[in-house]
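Single-structure report; data block below.
Readers should treat all values here as calculations from the given coordinates under stated rules, not as data from a laboratory. A quick note: this is a predicted structure, and the numbers were derived from the prediction, not measured. Cβ: placed from backbone, ideal geometry, glycine included. Neighbour counts: every protein chain shown.
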Amino acid sequence: MVSKTLINILLIEDNADDAELVQAALSNVKDNPYCIQWVTSLAAGLARLKSGSEHEPIDVVILDLMLSDSSLNCSLNSTLNTSLNSASNFVSRGENRANITPNSDQSLAAFDQVVQAAPDSLILVLDNNEERAQQIFARGAHDFFTKNHINSYWLPRALRYITEHKKHELVVCAVEKELFEERERSRITLNAIGDAVLSIDLAGNLIYINRAAEIMTGWPQNDALGRPIAEVFNIINSTTRKAVINSTTRIIHENEIVTLEANPILLRSDGTECVIENSIKAIYNRDGKATGAVIIFHNADDSRTTALKMTHLAQHDFLTGLPNRLLLTERLSQAIGLAYRNNMQVALLFIDLDFFKHINDSLGHAIGDQLLQSVAERLVSCVRATDTVCRQGGDEFVILLSEIERPQDAALTAEKLFVAFSEPHLIGVHELHITLSIGISVYPGDGKNAEALMQNADAAMYHAKIIGRNNFQFFKMEMNARAMQRSFIEASLRRAIKQQEFILHYQPKIDIASGIIVGAEALIRWQNPKLGLIYPAEFLSIAEECGLIIPIGGWVLREACQQLRTWLNAGLRIMPIAINISAAELKHKYFLDGISQVLRETGLPPYYLELEFTETILMRDAELSVTLLESLKAIGVQLTIDDFGTGYSSLSYLKRFPVGTLKIDSSFMRDLDMRDHARENDNATIVSAIIAMGKNLKQRVLAEGVETLEQFAFLRSHRCDEAQGLYLSSPMPAEDFSRLLVSNALPMLRNHQRTDFS
Ligand code: C2E
Ligand code: MG
Ligand code: MG
């Protein structure tokens with residue numbers, strides 16, 4: 001209210017001469033800041049003060065205590081206020097007071113009313129009765145003036161003084177408020193933190209203790225304050241158990257943070273103990289003089305436990321609780337060092353779960369996680385407590401056998417694992433069987449350091465996978481060479497995709513009864529600029545593992561469709577061309593869309609595109625395969641089960657797979673000839689059974705890998721529908737195949753017809 005430059009004064013004075021005196025005294029002030037509103041009665045004054053927000057607030061009230069209406073106003077009630085209110089807001093000069101003089105009590109009561117109406121205003125009282133001054137000050141007046149002192153020197157001076165004083169009071173008030181808030185903030189913060197905080201004065205007596213310190217020392221604030229620090233903060237040396245000389249007061253004079261002693265024991269008021277970590281710092285006032293010290297401490301046991309917990313988390317797998325790769329590397333290096341000194345050996349078993357991904361994908365991650373936990377427990381149950389079982393990540397585990405005498409010990413552990421894993425894992429309602437592929441490397445023979453041993457055990461595991469899973473392999477040097485070759489092929493394949501080094505060869509499919517070419521299988525080859533023509537066996541499995549099969553398969557699909565379109569445009573008699581679909585392609589989310597899109601783009605009638613899926617791939621998730629095959633059938637493409645007879649199809653699924661052709665695997669062609677058939681050759685039995693079954697299911701049966709006249713004759717005599725194989729024609733480039741389409745002349749068929757079966 002007094003911070004602004006303009007000062008609003010309400011002059012309550014019923015004597016016009018006095019009022020003029022006041023106004024004149026203030027009018028000559030330099031840069032006159034005063035804005036005077038004059039009222040001639042107490043009632044009008046009170047009304048103005050109570051009018052509140054309607055007007056500018058009044059900063060200073062100059063009140064004549066001898067107002068004639070003081071007596072009236074105090075004896076009558078406030079109804080009079082109202083009538084006087086409007087009448088006397090503006091007063092003409094020279095107006096004289098009514099001839100009633102209030103007594104002292106009435107004057108004081110009038111003053112009180114003003115104070116009540118304007119609690120925030122400064123009040124300067126005009127009164128000739130100096131004795132009353134004392135009483136007036138006691139009731140809250142800011143200054144007192146006898147009328148003969150009203151002049152242009154004293155009145156402005158008094159006003160200046162009281163307004164400045166008020167300003168100062170307000171600042172002090174604001175500072176106090178801020179200080180209070182600051183203190184509250186500190187108090188709440190200090191009580192909320194986990195660290196214990198004490199502070200002492202120069203004499204070493206306690207002047208502050210926070211909640212945590214109360215709890216840790218066992219001293220409630222009321223008892224603790226004022227006591228010597230050594231009583232509340234009672235510490236002893238953790239080894240000697242002697243009292244630590246509590247030199248906090250000495251520390252006050254050292255200008256740095258100090259620790260009394262490393263991890264002393266705090267003796268609580270109830271006699272219990274705890275190890276603490278502490279620090280002490282002196283507190284200084286504005287002049288740089290030490291006034292005391294603050295002591296901060298916390299339970300070191302807690303931080304030790306936390307530190308241990310953190311280390312455990314960093315070194316262990318979250319899901320299984322097993323040591324992780326980090327801890328394994330550490331333990332492996334230690335084991336190598338120890339084995340070196342003791343002339344012992346160390347074995348690493350690198351374990352990968354077979355088809356875990358399949359379980360995870362089909363039953364969901366929650367089941368997958370539980371299975372991993374169950375696997376972890378079983379692995380641990382198979383080794384000694386001194387060995388380390390670690391989860392390497394995903395479905396890979398590593399077992400470190402730290403002190404073995406010969407590599408065979410590792411083989412024994414592996415055998416033990418196979419036995420343990422022959423039992424199913426019971427996960428919820430599921431009984432899950434999972435097998436292991438294990439690669440073993442042994443120190444020092446297979447590597448002198450942790451990294452080499454890990455790499456070589458991994459290579460051996462990979463080898464175990466290749467040769468059929470569910471087995472263990474010791475590392476051999478050639479495996480490394482193979483691993484290197486693998487990464488070389490992968491890099492070359494990436495380049496091959498970019499530079500379009502692939503080509504398709506077409507192998508005819510013959511209708512056995514008529515000898516007519518009824519289709520062909522497109523087979524990929526890699527025309528490597530340096531190595532020449534490479535067959536799929538050399539690169540497809542690597543392409544599958546590293547995901548490159550997706551772009552490669554996409555290329556095969558498009559290339560075959562485009563080729564057919566070219567032949568169609570050239571007016572050739574075309575027939576369905578089969579392409580092979582890998583597991584990864586089948587599972588790919590855009591597989592169906594990809595097929596439709598290429599058919600659309602090339603404008604090829606879907607009937608001419610045939611897809612071959614191996615029986616194994618289809619049976620891996622038979623239910624899903626049914627759905628997928630149905631969708632493909634709806635597109636209108638032909639469907640064939642490849643390598644039939646190797647994938648353990650169940651008859652019920654076979655009925656539900658909407659496929660047109662069963663392609664008997666080439667392995668059944670072995671020993672298949674008429675003469676041996678008399679001896680009930682196994683393959684002959686299987687092939688004839690498949691042919692009969694195909695007829696029942698109304699599916700065509702094709703025999704692949706037909707290499708000899710005898711095989712062909714056998715198939716023909718058993719009414720097999722189609723044949724494919726070297727005896728009839730090897731796969732050939734597109735130009736050769738197009739010539740064949742024109743002539744339909746396969747030399748061996750001519751032979752064949754001429755000799756045996758015409
Ligand atoms: P597959 O689908 O069973 O193809 C038949 C394989 O048998 C072909 O080998 C073919 O050249 C070979 N073959 C043909 N006639 C005879 C014969 O009389 N005797 C014997 N022993 N073999 C014969 P290829 O071309 O090396 O392909 C091998 C496998 O690679 C194929 O087996 C197929 O699974 C896969 N493959 C080939 N091309 C592709 C492709 O474009 N994509 C995918 N995903 N896989 C392909
Ligand atoms: Mg095939
Ligand atoms: Mg096949």
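Axis of helix 365-381 versus longest Cα principal axis of the chain: the two differ by about 80°, to the nearest ten degrees.
Taking every C-alpha pair closer than 8 Å and separated by at least 6 residues, the mean separation divided by the residue count of region 491-735 gives a relative contact order of 19 percent.
Dividing the mean sequence gap of close Cα pairs (under 8 Å, 6+ apart) by how many residues the chain holds gives a relative contact order of 6 percent.
Here Lys698 is the anchor, and the aspartates and glutamates within straight C-alpha reach of less than 13 Å, apart from those fewer than 8 places off in the same chain, are Asp721. With each label modelled as a point 7 angstrom along the Cα→C-beta vector, the Leu202-Arg185 pair spans 3.0 nm. Counting only Cβ charges, +1 for Lys and Arg and -1 for Asp and Glu, the dipole size of the chain around its Cα centre is about 2180 debye. State the answer as a single residue: which of Thr189, Asn342, Ile209 lies farthest towards the positive end of the charge dipole of the chain, with beta carbon charges of +1 for Lys and Arg and -1 for Asp and Glu, about the Cα centre. Highest projection toward the positive end goes to Asn342.
Helix-only estimate, please: 222 nm mean residue ellipticity of the chain, summing -39500 (n - 2.57) across DSSP H runs of length 4 or more and dividing by its residues, to the nearest 500.
Mean residue ellipticity at 222 nm (helix-derived): -14000 deg cm²/dmol.
Listed peptides 733-741, 606-614 appear in the order 606-614, 733-741 once ranked by packing, highest mean of other Cβ atoms within 10 Å at the front.
For a test of the definition: using alpha carbon positions, the gyration tensor, and the 1.5 limit on a/c, classify region 384-461 as rounded, prolate or oblate. Note, shape of region 384-461 comes out prolate.
Considering only the chain, what is the antiparallel percent among its DSSP beta bridges, to the nearest 5? Antiparallel: roughly 60 percent of the beta bridges in the chain.
Among the listed pairs Lys50/Lys167; Lys50/Lys166; Lys498/Lys663; Lys448/Lys476; Lys242/Lys309; Lys589/Lys633, a Cα-Cα separation exceeding 26 Å is found for Lys498/Lys663; Lys242/Lys309. Going from the fewest other Cβ atoms within 10 Å to the most, the residues Tyr653, Tyr648, Tyr208 appear in the order Tyr648, Tyr653, Tyr208. For region 606-675, the relative contact order comes to 36 percent (Cα pairs under 8 Å, sequence separation of at least 6). For region 319-475, the Cβ-based charge dipole about the Cα centre amounts to some 280 debye (Lys, Arg positive; Asp, Glu negative; other atoms uncharged).
Ordered by the count of other Cβ atoms within 10 Å of each Cβ, fewest first, Val429, Val383 give Val429, Val383. Summary of the geometry: region 383-451 and region 185-241, compared by the centres of their Cα atoms, lie 55 Å apart. Remark: C-alpha extents of the chain on the principal axes read 159, 80, 51 Å, sorted largest to smallest. If you line up the long axis of helix 154-192 against the longest principal axis of the chain, both from Cα atoms, how many degrees apart are they, to the nearest 10? Once rounded, one gets 30 degrees.
Overall shape: oblate for region 423-506, with the ratio a/c of the largest to smallest alpha carbon gyration tensor axis at 1.5 or above and b/c at least equal to a/b. The alpha carbon centroids of region 695-717 and region 321-378 are separated by 49 Å. Each residue in Val172, Val125, Val244, Val346 was given a count of other beta-carbon atoms within 10 angstrom of its own, and listing them fewest first yields Val172, Val244, Val125, Val346. Considering only Tyr153, Ile359, Asn456, and ranking their Cα positions along the charge dipole of the chain that arises from unit charges at the beta-carbon of Lys, Arg, Asp and Glu, the one farthest toward the positive end is Asn456. The Cβ shell under 13 Å around Leu741 holds other residues with a net charge of +1, Lys and Arg each +1, Asp and Glu each -1. Restricting the trypsin sites (Lys or Arg not before Pro) of region 287-323 to loop positions (DSSP other than H, G, I, E, B) with no more than 10 neighbouring Cβ atoms within 10 Å leaves Lys289.
Taking the Cα atoms of region 319-475, the ratio Rg/Rh between the radius of gyration and the Kirkwood radius comes to 0.97. Ordering Gly439, Ile404, Leu715 by Cα displacement along the dipole of the chain toward the positive end leaves Leu715 in first place; charges were set at the Cβ atoms of Lys, Arg (+1) and Asp, Glu (-1).
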